[in-house]
Amino acid sequence: MRHSLPTIPQFYVTAPQPCPYLDGRMERKLFTALQGDQAEAMNDTLSKQGFRRSQNVLYRPSCSDCCACLSARIRVDDFTPSRGQRRTRRRNAHLMREVTSAWATEEQYDLFRRYLDSRHADGGMADMDVFEFAAMVEETPVRTRVIEYRIQGETGSKSLAAVCLTDVLDDGLSLVYSFFDPDLDKQSLGQHMILDHLELARAAGLPFVYLGYWVPGSPKMDYKAGYSALEVYHEGHWRDLVDKSDYSRATHPLSVPPIAEQVTRLVMPKEMSAPVGLSQRVPNRG
């Protein structure tokens, strides 16, 4: 007898913790498990509504007095690179792209550790060991690829320069997490990976590349606004990011609808029932 997991998703809210993007604010997340036969449909549908995947969890920021974290995506066909972005592509034309399955390697982890120690030594992932790294890469119930960028040496060896963990959605590519060799900082490898994903999506006929969250007022997230044809998910709709000041009120406490209302507004895959159940306080999932 075949036993199936429940098809009615249950949503939870993490306990508040300090916001990593805006000083003096507290962050909480709305999340649900990603499992069962409908995992890919859930990932596709909720990604269009501002959710992101982390292993077998889908989450979206749902802070009590702020809605500044806005999911961002680039329209592939409308994207036009800036002069600086064209230079980045030329600068990294020698890199070799290798697409693999969602399988972690020691070589990837060594690069990941160097990246964290150089760029995010005090971040939430700073203490990740090799087993946690492997879980981040491999624990996925959806179509996920590891995209590596390598430099071929004179002896034929190919050193690892950058890595991106990427989900393949029904309407685009979603950059789950990326890292690169900190010694190659001047190569703008983070930007190169985004530009290369735009080319990958175009070749596959996918209309969007999802970048994660753009946060008005956060210097570390502001680079995403530098891409043309960028849309952000705000108040239930995807909108062109034309003027960043349009979202200055996103940090106002009266801009946030109640959490229960947010859940009832969610559109679920046709094969699923409407979302039910909401826990107001659970341990943080990161």
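What follows is calculated from the coordinates using simple rules that are stated; it is not laboratory data. All values reported here derive from a predicted model rather than from experimental measurement. Every residue, glycine among them, receives a Cβ derived from its backbone with ideal geometry; neighbour counts consider all protein chains shown.
Observations
- Peptides 224-236, 173-185 ordered by average Cβ neighbours within 10 Å, highest first: 173-185, 224-236
- For the stretch 27-36, backbone phi angles converted through the Karplus equation (6.51, -1.76, 1.60; θ = phi - 60°) give residue-by-residue couplings of 10, 9, 10, 9, 8, 8, 6, 10, 7, x Hz, Gly and Pro being listed as x.
- Relative contact order for the stretch 74-231, counting Cα pairs under 8 Å that sit 6 or more residues apart, in percent: 31
- Contact order relative to length of the chain, as percent, for alpha carbon pairs under 8 angstrom and 6 or more apart: 29
- In this structure, the amide hydrogen of Ser54, modeled 1.01 Å from its nitrogen in the peptide plane, lies closer than 5 angstrom to those of Tyr59, counting only residues at least 5 positions away or on a different chain.
- Protection-proxy order for peptides 19-29, 80-90, 54-64, 158-168, each taking the mean of Cβ atoms within 10 Å per residue, highest first: 158-168, 54-64, 19-29, 80-90
- With respect to the chain, whose longest principal axis is taken over its alpha-carbon atoms, helix 106-119 is tilted by about 80°.
- Whole-Hz ³J(HN,Hα) from phi, Karplus 6.51 cos²θ - 1.76 cosθ + 1.60, for the stretch 20-26, glycine and proline x: x, 10, 10, 4, x, 10, 10
- Under 13 Å, Cβ to Cβ, from Val142 - net charge with Lys/Arg +1 and Asp/Glu -1: -3
- Karplus-derived HN-Hα couplings along the stretch 163-177 (A = 6.51, B = -1.76, C = 1.60, θ = phi - 60°), whole Hz, x at Gly and Pro: 9, 9, 8, 10, 8, 9, 8, 6, 10, x, 10, 10, 7, 6, 7
- Reported label for calculated volume of the Cα convex hull per residue in Å³ given (1) 152; (2) 235; (3) 122: (1)
- Proximity of backbone amide H atoms, modeled 1.01 Å from N, is registered between Met26 and Cys19 at under 5 Å, excluding neighbours fewer than 5 places apart on the same chain.
- Net dipole in debye of the stretch 74-231 [+1 Lys, Arg Cβ; -1 Asp, Glu Cβ; about Cα centre; nearest 20]: 940
- Highest average first, the peptides 35-41, 66-72 ordered by how many other beta carbon atoms sit within 10 Å of their residues are 66-72, 35-41.
- Calculated [θ] (222 nm, deg cm²/dmol) that DSSP helices of n ≥ 4 give over the chain, each run adding -39,500 (n - 2.57): -6500 deg cm²/dmol
- Those aspartates and glutamates that a straight Cα-Cα span of less than 17 Å connects to Lys270, excepting residues fewer than 8 apart in one chain: Asp37, Glu40, Asp44, Asp170, Asp171
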